[in-house]
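Undergrad: Submitted below is the structure of interest, expressed as structure tokens.
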Amino acid sequence: MRFKAINKINILFVVTLLLLTAANNVSATVGGPTTIDRISHNAKENSLYYIVHDGGGRGCPPIIEKLNLATKERTQVKSCDEIESTYYRDENSAATYNQFIEDTFKYPDVKNLPIISLTNNNISIIVEYVGEHRFDEYNASADFRATIFQDNQKKGAIDFIGCYKDQPNVFKGYIIPDTDKMTLEISRIGDCFEGGYTKDDIYVLDDINFQDANLVGYYNYSSEPGVYRGNLVVVAQDSSKAVNSVPSETTTTEKNNPTHIWWILALISGLVVGFIVGHKAKTKSTQEFAAKEQNQS
């Protein structure tokens, strides 16, 4: 009987460990920085091309994205699945994809955008903390709204996600030649997993009067965020001035999230194991106490 009881305890213990492991695997997420470089203009297509380096998720190769300046629609030139199935079938395939990138950004059809000074163009930005952005029961970040002005006239508003209410947000401006449009890049802590990773996004603003079109630089390949001449670093205003909250990009309900079920099952199994172990220990202690009393008498 003692052998059977021990076997039952061991089995329940193993089941508990498996359930806990499964629960962790279900909710596991890989974080990492997301940077953008090679922001370029294709005048014939009236579009921007740029490369997104996503250090989180499944670990995709660099993705070329295209932004239509007329419609503001964004598309991937090739998806992660397409790149992996076409160019990464063996160890030597990466060179072929690198050549595809160079062909896509081939000069003179595609030209790199020069960085201009936002301050020299009388551009100012106010960032407001909107409120908490909750992805699911366990993960939350912060919603921000940036309002862009030139000569005290509003030029646009951008909603973006960060991690901390008082975090610095770096804004960088790129002039789009022969247009009144400007590309605005926002660099900040945007991936809140594991304490936070940097994230870049770009947006297009219309009706900009370029008072100083002198370039202060071009894109760089550095994966680390930097502040350069002509950039603006803005911290959000007090939450008392917050505006209405931005709708969540993703909604995860308890019905669609199996993590809760795994944790409940694991908790129940743990309680059962604890009860059996505790009951056995109590029984053994009672028997030893009775035997001791009998010997003393």
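Bear in mind that the values in this text are calculations on the coordinates, not laboratory data. Everything quoted here is computed from the prediction, not taken from an experiment. Every residue, glycine as well, gets a Cβ built from its backbone with ideal geometry; the counts of neighbours run over all protein chains shown.
Undergrad: For the stretch 34-241, what class follows from the C-alpha gyration tensor (a ≥ b ≥ c being the square roots of its eigenvalues): rounded when a/c is under 1.5, otherwise prolate if a/b is larger than b/c, else oblate? All intermediate terms of the calculation are to be shown ahead of the outcome.
TA: On the way: a/c = 2.07, a/b = 1.18, b/c = 1.76.
Here the stretch 34-241 falls in the oblate category.
Undergrad: Tell me whether the stretch 114-212 comes out rounded, prolate or oblate; compute the Cα gyration tensor, take square roots of the eigenvalues as a ≥ b ≥ c, and use a/c under 1.5 as the rounded threshold. Don't jump to the answer; show the numbers that get you there.
TA: Details: a/c = 2.68, a/b = 2.15, b/c = 1.25.
The shape class here is prolate.
Undergrad: Could you give each residue of the stretch 133-142 its phi-based ³J(HN,Hα) in whole Hz, using Karplus coefficients 6.51, -1.76, 1.60 with θ = phi - 60°, and x for Gly or Pro?
TA: Couplings: 10, 9, 7, 7, 5, 10, 10, 9, 9, 10 Hz.
Undergrad: Only counting other Cβ atoms within 10 Å, I'd like ARG134, ARG38, ARG58 sorted with the fewest neighbours first.
TA: On the way: ARG134 15, ARG38 19, ARG58 9.
Arranged by neighbour count, lowest to highest, ARG134, ARG38, ARG58 become ARG58, ARG134, ARG38.
Undergrad: Hey, another quick one. Using a 10 Å cut-off on Cβ atoms, rank the peptides 80-90, 163-173 from the highest mean neighbour count down. Walk me through the numbers before you get to the answer.
TA: Details: 80-90: 13.6, 163-173: 18.2.
The densest-packed peptide leads the list: 163-173, 80-90.
Undergrad: Follow-up question, since we're still on this one. Rounded, prolate or oblate for the stretch 60-178? Axes are the square roots of the Cα gyration tensor eigenvalues, ordered a ≥ b ≥ c, and the cut-off for rounded is a/c under 1.5. Present the calculation step by step, with values, prior to reporting the outcome.
TA: Numbers: a/c = 2.80, a/b = 1.39, b/c = 2.02.
In terms of gyration-tensor shape, oblate.
Undergrad: Sticking with this one: Going by average Cβ density within 10 Å per residue, which order do the peptides 66-74, 182-190 take, highest to lowest? Each step should come with its number before you reach the end.
TA: Numbers: 66-74: 13.0, 182-190: 23.2.
Order by mean packing, descending: 182-190, 66-74.
Undergrad: In sequence order, what are the phi-derived ³J(HN,Hα) couplings for the stretch 193-205 according to the Karplus relation 6.51 cos²θ - 1.76 cosθ + 1.60 with θ = phi - 60°, rounded to whole Hz, with x for glycine and proline?
TA: With coefficients 6.51, -1.76 and 1.60, one gets 6, 6, x, x, 10, 6, 9, 10, 9, 10, 9, 10, 10 Hz.
Undergrad: Another question about this same structure. In what sequence do PHE144, PHE105 fall when counting other Cβ within 10 Å, fewest first? Before the final figure, lay out each step's value.
TA: Working: PHE144 28, PHE105 17.
Arranged by neighbour count, lowest to highest, PHE144, PHE105 become PHE105, PHE144.
Undergrad: Could you tell me which of the pairs LYS66/LYS165; LYS111/LYS199; LYS78/LYS154; LYS106/LYS155; LYS111/LYS165; LYS66/LYS172 are separated by over 28 angstrom between their Cα atoms in the structure shown?
TA: Working: LYS66/LYS165 31 Å; LYS111/LYS199 24 Å; LYS78/LYS154 36 Å; LYS106/LYS155 32 Å; LYS111/LYS165 37 Å; LYS66/LYS172 19 Å.
With Cα atoms farther than 28 Å apart: LYS66/LYS165; LYS78/LYS154; LYS106/LYS155; LYS111/LYS165.
Undergrad: In addition: How many percent of Cα pairs in the stretch 66-135 exceed 21 Å? Don't skip to the answer; put the middle values down first.
TA: Details: 1433 of 2415 pairs.
Here the long-distance tail beyond 21 Å is 59 percent of all Cα pairs in the stretch 66-135.
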